[in-house]
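Readers should treat all values here as calculations from the given coordinates under stated rules, not as data from a laboratory. Please read these numbers as outputs of a predicted model, since none were measured by experiment. Cβ coordinates were reconstructed from backbone atoms using ideal geometry, including for glycine residues, and neighbour counts include every protein chain displayed.
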Amino acid sequence: MHPKQEELESTLSMLCQNLDDYLEDLYGTKYRIHPNRLKRGSGSNPRFDGLFSTALAFTLGYGSNSGRGYVVEVDIRTLDRVPPEERQEINDAAFSYLQNNLKIMFPNRDLSIVKDGKLMKIVGDFSLGEAY
């Protein structure tokens with residue numbers, strides 16, 4: 001993998017981990033975590049512990065109005081019933097967090113978060129610049 005691609009994906013991963021921490025701070029005690037999950041802060045990555053599991057997956061965007069980008073997945077790891085309006089509140093908080101922090105994490109890139117159907121997607125300039 002090209003070093004600039006590694007840097008891009010490393011920063012995206014950090015953004016995703018920060019989002020996980022943000023959601024844990026806001027909602028982490030609202031529901032019981034799944035019995036198979038580690039307590040928050042016990043795993044090697046926030047994705048694997050606590051109430052939330054956040055991840056990014058690149059998509060080429062075929063059939064999408066917004067094209068290629070990174071789909072943001074926010075999973076709530078609980079056996080408790082989470083009402084749809086609370087799931088929406090959590091997704092709205094995640095969207096707002098990403099909207100506010102993309103420019104901070106990527107000051108020299110034109111990236112934005114959009115809603116693509118029911119999905120959240122980071123879209124924009126993923127170019128690597130001059131590849132030597």
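Quick notes on this one:
- Look at the dipole of the chain built from charges on Cβ: of L111, P35, T59, the Cα furthest out on the positive end belongs to P35.
- The lysines whose alpha-carbon is closer than 25 Å to the alpha-carbon of K118, local same-chain residues fewer than 8 away aside, are K30, K103.
- Fewest-first ordering of H2, H34 by other beta carbons within 10 Å of each residue's beta carbon gives H2, H34.
- A convex hull fitted to the Cα coordinates of segment 1-126 yields 120 cubic angstrom per residue.
- Whole-angstrom gap from segment 88-117 to segment 14-56, using each part's C-alpha centre: 18 Å
- Local electrostatic count, E9, Cβ distance below 15 Å [Lys/Arg +1, Asp/Glu -1]: +1
- Residue-by-residue Karplus 3J(HN,Hα) for segment 89-100, coefficients 6.51, -1.76, 1.60, Hz, glycine and proline x: 4, 5, 5, 5, 5, 5, 4, 4, 4, 5, 4, 7
- Cleavage-rule hits (trypsin sites (Lys or Arg not before Pro)) in segment 41-122: DSSP loop, at most 11 neighbouring Cβ within 10 angstrom: R81, K118
- Once the chain from R81 to S96 is taken as fully extended at 0.36 nm per residue, the excess over their C-alpha distance is 3.0 nm.
- Estimated vicinal HN-Hα couplings, Hz - segment 101-117 in sequence order (Karplus 6.51, -1.76, 1.60; Gly, Pro = x): 10, 4, 5, 6, 6, 10, x, 9, 10, 8, 10, 8, 9, 10, 9, 10, x
- Taking every alpha-carbon pair under 8 Å whose residues sit at least 6 apart, the chain reaches a relative contact order of 22 percent.
- Dmax and Rg, reported as Rg then Dmax, of segment 10-60 (C-alpha, Å): 11.3, 36
- Convex hull per residue volume in Å³, alpha carbons only, for segment 92-132: 70 Å³
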